[in-house]
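This report refers to the structure that appears directly beneath it.
The values are calculated or read from the model by the stated rules, or taken from the named source; none is laboratory data. Worth saying up front: this structure is predicted, and the values here are computed from it rather than measured. All Cβ positions, glycine included, derive from the backbone under ideal geometry; neighbour counts span all protein chains shown. Ligands, DNA and RNA are excluded from the accessible area calculation, which covers all protein heavy atoms including side chains. Shrake-Rupley method; radii C 1.70, N 1.55, O 1.52, S 1.80 Å.
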Amino acid sequence: MEAESTGGNMGDKADVEISENPFEPYIEFLRQQLEDQDPIFLIGFIVALAVVVITCVFLKYFLTSKTVRSAVLLVGLCDSGKTLLFSRLLAGKFKRTQTSITDSSAPYKAKNDRGSSWTLIDLPGHDSLRSLYLEKFKSGARAIVFVVDSAIFQKEVRDVAEFLYILLTDNVISRNAPALVVACNKQDITMAKSAKLIQQQLEKEMNTLRVTHSAALSSQDGSVGGSVYLGKKGKDFEFGQLPLKVEFLECSARGNKGEEGDADIESLEKSLAKL
């Protein structure tokens, strides 16, 4: 009985050893094959394998870092004149518009010798829609045209600054750094503010927003207004501190002569031609 028990234990140990090394025969076979090969062949194989790996890594980096961003986004508050500006840039004609509830897009050929062509996209300006559509198109933005109603800017300065702050502190936009053009529209109206004044007031307002949003971020989970710090710490905010190119310009989608006349958008067209 004891002999049988001993034999049984030895059989169990053998089973355990076999189960613990199920690939050992294959590993031994591979080792034997490698030993039988010419060392020069082995070196060549290793070098070829390394080249394949390096090539794959390089292609992945190249393709992800060189993604072509070809969209020009028109953004801003409701009634700032985005849709009319969209129509003027594409066809040069006046078109009666209404508040947009979805995006509109069309190919836009820049006025330059290179024949550059971008996709012009007009995004809704309503508070409940703008973030949704910005999220949809921001990763493909080569430039963002932020349209401001210069005639009632004084009334809307806080809302304009809030939207612009959210846009500029977005992680994707901060990383891609598309050109930002602040188009101070409706310059045909007598009470319209100048681009210089609008820039100065926005810098002051956004400096205040930076303080309040930073305080909110420090007391919450970091979900308020993005996680990018705007400007330089310890200094009052200026647009020149941003990692992306910012330009303020004046324009009028309606034009001085109203519906029958031409739009005053030459400065905007020149800016788009430099993209």
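Some notes on this structure:
- Above-threshold pairs, the threshold being 20 Å between Cα atoms, out of LYS186/LYS257; LYS109/LYS274; LYS186/LYS245; LYS138/LYS196; LYS232/LYS270: LYS186/LYS245; LYS138/LYS196; LYS232/LYS270
- In this structure, GLN154 and LYS270 have a Cβ-Cβ separation that, at R0 = 22 Å, corresponds to a calculated FRET efficiency of about 0.20.
- Positive minus negative residues near GLU135 (Lys, Arg vs Asp, Glu; Cβ under 15 Å): +1
- Modelled FRET efficiency - R0 22 Å, ARG96 with SER117, Cβ distances, 0.05 increments: 0.20
- Distant-in-sequence amide H partners of VAL147 (H built 1.01 Å from N, under 5 Å): VAL75, GLY76, ALA183
- Contour excess over end-to-end distance, with Cα ends at GLN32 and SER139 and 0.36 nm allotted per residue: 33.2 nm
- Approximate spin-label separation SER194-HIS126, in nm, with each point projected 7 Å along Cα-to-Cβ: 3.8 nm
- Long-range amide H partners of ALA106 with built H, under 5 Å: LEU120
- Accessible area of GLU28 in the full protein assembly, 1.4 Å probe (Å², nearest 10): 90 Å²
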